[in-house]
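The values are calculated or read from the model by the stated rules, or taken from the named source; none is laboratory data. Everything numeric in this text was worked out from a predicted model, so none of it was measured. Backbone-built Cβ (ideal geometry, glycine too); neighbour counts: all protein chains shown.
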Amino acid sequence: MAKFLEDARILSNMNFAPDLWSLRLQAPRMAAAIKPGQFVKIDLGESGHILRRPLSVYQADLKAGEIELLYQVVGSGTRLMSAWRPGETRSLLGPLGMPWPVPEGTRRALLIGGGIGTAPLALLDQQLKADPAITVTMVQAAQTAERLVARGFFERTVDTWLCATDDGSAGACGLITVPLEELLATQHFDVAYVCGPEVMQAPVARLCAQHGLRCYVSLERRMACGIGACAGCVVKTTSGLKGVCMLGPIFDAEEVCWDDNVASRVR
Amino acid sequence: MTMSPHESADDKRGTGTVLSDMRVMIGSLTLANPILTASGTFAAGREYSDFVDLTRLGATTTKGVSAVPWEGNPGRRLDETASGMLNSIGLQNPGMEHFVRYDLAWLRDNAPELPVIVNVVGHRVPEYTAVIEYLEQAEGIAAYELNVSCPNVDAGGMAIGVDPAAAAKVTSACRALTKRPLIVKLTPNVTDITEVARAVEGAGADAVSLINTILGLSIDAHSRKLIFERAVAGLSGPAIKPVALRMVYEVARATDIPVIGMGGAATGTDVVEFMLAGATAVALGTANFTNPQATTDALDELIRYCEQQGVSAVTELIGAVRPAS
């Protein structure tokens with residue numbers, strides 16, 4: 001689990017929906033080391049921005065030595081990233097954080113993704129599908145149909161795929177909790193994996209708890225070091241403050257103090 | 001990337017000999033080179049051991065250690081700014097007993113040659129002295145750094161460091177308890193930093209370190225809200241280097257004790273500049289976040305600088321800056 005720095009060459013940087021980008025990197029060491037749920041921090045390569053940006057890994061191709069990251073342009077750092085060109089090199093730090101846990105005896109897994117946060121569920125999906133005994137159901141949500149991140153990949157690979165969009169342009173119209181509630185009322189799952197905005201994760205975690213379903217969430221915080229030294233990325237849990245970078249980003253939803261955490265998010 | 005313990009810096013450079021003497025002295029403490037880590041950016045070293053051969057550092061300064069565990073500040077703790085960052089951590093730490101049992105023990109087992117400077121925090125004088133009294137029983141501590149300059153706690157910290165008399169009082173109280181070198185870390189959030197520096201020198205400090213973070217504030221225009229629950233936070237990173245250099249320059253001229261320079265230092269060239277301004281040693285802080293091996297990269301660059309510039313002892317650089325014309 002040693003962490004390392006790797007200079008990664010940009011293979012492509014493509015805009016696939018408004019504000020949403022895919023960044024492919026030649027990074028053979030990282031591609032081999034990263035586990036589903038872990039993340040990397042990428043140097044913006046520009047002295048005005050001193051903090052590396054934490055990004056989850058969407059795909060890792062061992063054979064080609066490539067990784068793919070999906071990101072949304074939300075501020076000046078990600079805007080800078082969107083101008084990156086193939087052939088340029090950026091420094092990667094990783095692999096960071098703990099991977100998604102897969103409880104012993106898991107047979108029916110439920111993936112729940114919102115917006116760009118859906119990306120880190122892809123590697124988990126691959127890991128789960130490598131076990132023929134496991135079936136994977138997915139509920140994905142986004143503002144619009146075109147923002148259903150990696151929809152093609154998930155539709156192809158999971159056993160059952162459902163979606164919800166804010167504008168009704170695909171699947172159920174409205175919040176993800178609507179199709180999810182129906183699903184949980186009629187079907188049994190062994191474990192749920194959730195990634196997306198915290199305003200979505202909190203009600204989803206509550207719903208899972210009501211159905212007695214074990215639920216893991218992937219949280220994000222602004223980070224400085226990414227390696228457990230600065231105490232900048234803490235979340236409130238039932239056993240005190242925990243750093244997202246080392247003890248997360250995956251948490252058991254039951255240990256997250258949702259009200260405190262969601263309230264403390266500025267945007 | 002990290003060298004095995006039996007290798008030395010010389011082996012890595014392939015020269016087999018050290019051309020420049022990199023040793024510096026902080027009070028009675030001799031350091032193998034002037035590169036240190038700034039408190040709060042390097043934990044107690046372990047987190048960086050995948051990236052840095054800790055034994056190559058001049059010393060490491062630990063995160064602030066308090067008598068009892070501190071939870072730190074609620075809400076958001078970080079915000080990147082132009083060439084810098086604001087933090088509002090609030091000195092979260094598990095307390096002195098945990099520090100000795102886990103962090104100090106780890107350092108003694110894994111980097112026994114590395115001098116460890118323990119950063120000590122408190123709200124009031126008796127809390128600082130309680131930590132010193134406790135740590136006096138522990139082995140493997142090279143020096144103490146009294147943090148009287150953290151802007152992110154309500155009492156103690158900067159409230160002490162902005163008042164020369166209060167800073168002198170906590171310094172002399174701790175001085176009475178230890179023979180180990182005592183460093184006092186100063187805040188830049190004062191009108192005249194040399195006043196506080198002279199006050200702690202008079203109270204028995206062996207060295208001063210500066211600067212801690214500069215008070216700043218962050219606002220989100222869209223939500224029209226403050227970013228931090230305490231409103232203010234501490235600014236660090238390359239953005240503050242010119243301020244830090246100026247204050248190191250002033251304090252080095254106003255006192256007779258060694259100055260440990262810090263505040264935006266990120267490279268070997270930065271280390272040279274701080275030393276020319278008057279620093280005996282230089283700590284890298286926020287730079288560790290950008291590049292986890294910033295310290296050893298800076299050391300390699302400093303060694304190259306000394307060799308190229310014909311500097312036979314790095315101490316020649318201390319305060320050696322010349323006028324512009």
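When A:1, A:98, A:14 are checked against the criterion of being closer than 27 Å to residue A:216 by Cβ and modelled with pLDDT of 95 or more, a single residue qualifies: A:98. Scanning region B:167-188 for residues that are in contact with a strand residue (DSSP E or B) (Cβ under 9 Å, 6 or more places away or on another chain) and part of a helix (DSSP H, G or I) yields B:167, B:170, B:171, B:174, B:175. Cβ-Cβ contacts under 6 Å between residues 6 or more apart (or on different chains), taken from a first residue in region B:237-253 that is within 14 Å of another protein chain (Cβ to nearest Cβ) to a second residue that is β-branched (Val, Ile, Thr), are listed as B:237/A:50; B:237/B:286; B:240/B:214. Where the second residue is of a type in the set (Ser, Thr, Tyr) and in a loop (DSSP other than H, G, I, E, B) and the first is touching a residue at least 40 places away in the same chain (Cβ under 8 Å) and surrounded by fewer than 18 Cβ atoms within 10 Å (Cβ to Cβ) and lies in region A:54-82, which pairs have Cβ atoms under 7 Å and are six or more apart or on separate chains? Going by the 7 Å Cβ cut-off, the qualifying pairs are A:73/A:82.
Among the residues of region B:82-93, those identified as within 10 Å of another protein chain (Cβ to nearest Cβ) and touching a residue at least 24 places away in the same chain (Cβ under 8 Å) are B:82, B:83, B:84, B:85, B:87, B:88, B:89, B:90, B:91, B:93. Take region A:197-234 and flag every residue that is surrounded by fewer than 23 Cβ atoms within 10 Å (Cβ to Cβ), of a type outside the set (Gly, Ala, Ser) and not in a helix (DSSP H, G or I). Those that are surrounded by fewer than 23 Cβ atoms within 10 Å (Cβ to Cβ), of a type outside the set (Gly, Ala, Ser) and not in a helix (DSSP H, G or I): A:197, A:211, A:213, A:214, A:216, A:219, A:220, A:221, A:222. The residue list B:81, B:61 contains one member that is under 15 Å from residue B:287 (Cα atoms) and surrounded by fewer than 24 Cβ atoms within 10 Å (Cβ to Cβ), which is B:81.
Of the strands (runs of 3 or more DSSP E) lying entirely inside region A:24-88, those containing at least 1 residues that are over 19 Å from residue A:222 (Cβ atoms) and aliphatic (A, V, I, L, M) are A:59-61, A:66-72. Tallying residues that are more than 14 Å from chain B (Cβ to nearest Cβ), touching a residue at least 60 places away in the same chain (Cβ under 8 Å) and under 19 Å from the mean Cα position of the chain (by Cα) within region A:213-252 yields 6. Enumerate the pairs (first residue in region A:38-52 and at the interface with chain B (Cβ under 10 Å from one of its Cβ atoms); second residue anywhere and among the acidic types (Asp, Glu) and surrounded by fewer than 24 Cβ atoms within 10 Å (Cβ to Cβ)) with beta-carbon separation below 7 Å, excluding pairs fewer than 6 apart on the same chain, so at least 6 apart or on different chains. Qualifying pairs under 7 Å: A:49/B:80; A:50/B:80; A:51/B:80; A:52/A:43. Look at residue B:97 and say whether it is modelled with pLDDT of 95 or more, surrounded by fewer than 22 Cβ atoms within 10 Å (Cβ to Cβ) and away from every other protein chain (no Cβ under 14 Å). Against the criterion (modelled with pLDDT of 95 or more, surrounded by fewer than 22 Cβ atoms within 10 Å (Cβ to Cβ) and away from every other protein chain (no Cβ under 14 Å)), residue B:97 qualifies.
The strands (runs of 3 or more DSSP E) falling completely within region B:1-85 that include 3 or more residues that are at pLDDT 95 or above and more than 19 Å from the chain's Cα centre (by Cα) map to B:78-81.
When residues in region B:108-124 are screened for being part of a helix (DSSP H, G or I) and either within 14 Å of chain A (Cβ to nearest Cβ) or at pLDDT below 95 (or both), 0 of them pass. Against the criterion of being away from chain A (no Cβ under 11 Å) and not aliphatic (A, V, I, L, M), residue B:79 does not qualify.
Every test in (1) within 30 Å of residue B:32 (Cα to Cα); (2) within 14 Å of chain A (Cβ to nearest Cβ); (3) polar (S, T, N, Q) is passed by residue B:147 save one, and that test is (2). For region A:36-47, filtering for residues that are out of contact with any Phe, Trp or Tyr (no Cβ under 8 Å at 6 or more places or on another chain) and either at pLDDT 95 or above or hydroxyl-bearing (Ser, Thr, Tyr) (or both) leaves 8. Scan region A:1-27 for residues that are touching a strand residue (DSSP E or B) at 6+ places or on another chain (Cβ under 8 Å) and more than 14 Å from chain B (Cβ to nearest Cβ) and report the count. Residues that pass the stated criteria total 18.
Of the set (1) without any contact (Cβ under 8 Å) to a residue 60 or more places away in the chain; (2) within 14 Å of chain A (Cβ to nearest Cβ), all apply to residue B:218 but (1). Apart from one condition, residue B:70 fits all of (1) surrounded by fewer than 21 Cβ atoms within 10 Å (Cβ to Cβ); (2) in contact with a helix residue (DSSP H, G or I) (Cβ under 9 Å, 6 or more places away or on another chain); (3) within 13 Å of chain A (Cβ to nearest Cβ); the exception is (2). Condition first: crowded, with 16+ Cβ neighbours inside 10 Å, over 14 Å from the mean Cα position of the chain (by Cα) and either of a type in the set (Gly, Ala, Ser) or more than 17 Å from residue A:194 (Cα to Cα) (or both). Now tell me which residues in region A:122-141 satisfy that. Across region A:122-141, the qualifying residue is only A:134. Looking at residue A:187 and the list (1) away from every other protein chain (no Cβ under 14 Å); (2) under 30 Å from residue A:75 (Cβ atoms); (3) in contact with a Lys or Arg (Cβ under 8 Å, 6 or more places away or on another chain), which single condition is not satisfied? Among (1) away from every other protein chain (no Cβ under 14 Å); (2) under 30 Å from residue A:75 (Cβ atoms); (3) in contact with a Lys or Arg (Cβ under 8 Å, 6 or more places away or on another chain), residue A:187 violates only (2).
Assess whether residue B:313 counts as being modelled with pLDDT of 95 or more, farther than 22 Å from residue B:183 by Cα and of a type in the set (A, V, I, L, M).
Values: modelled with pLDDT of 95 or more: yes; farther than 22 Å from residue B:183 by Cα: yes; of a type in the set (A, V, I, L, M): yes.
When the stated conditions are applied, residue B:313 passes them.
Residue-level check: of (1) within 30 Å of residue B:284 (Cβ to Cβ); (2) touching a helix residue (DSSP H, G or I) at 6+ places or on another chain (Cβ under 9 Å); (3) more than 14 Å from chain B (Cβ to nearest Cβ), residue A:209 misses just (1).
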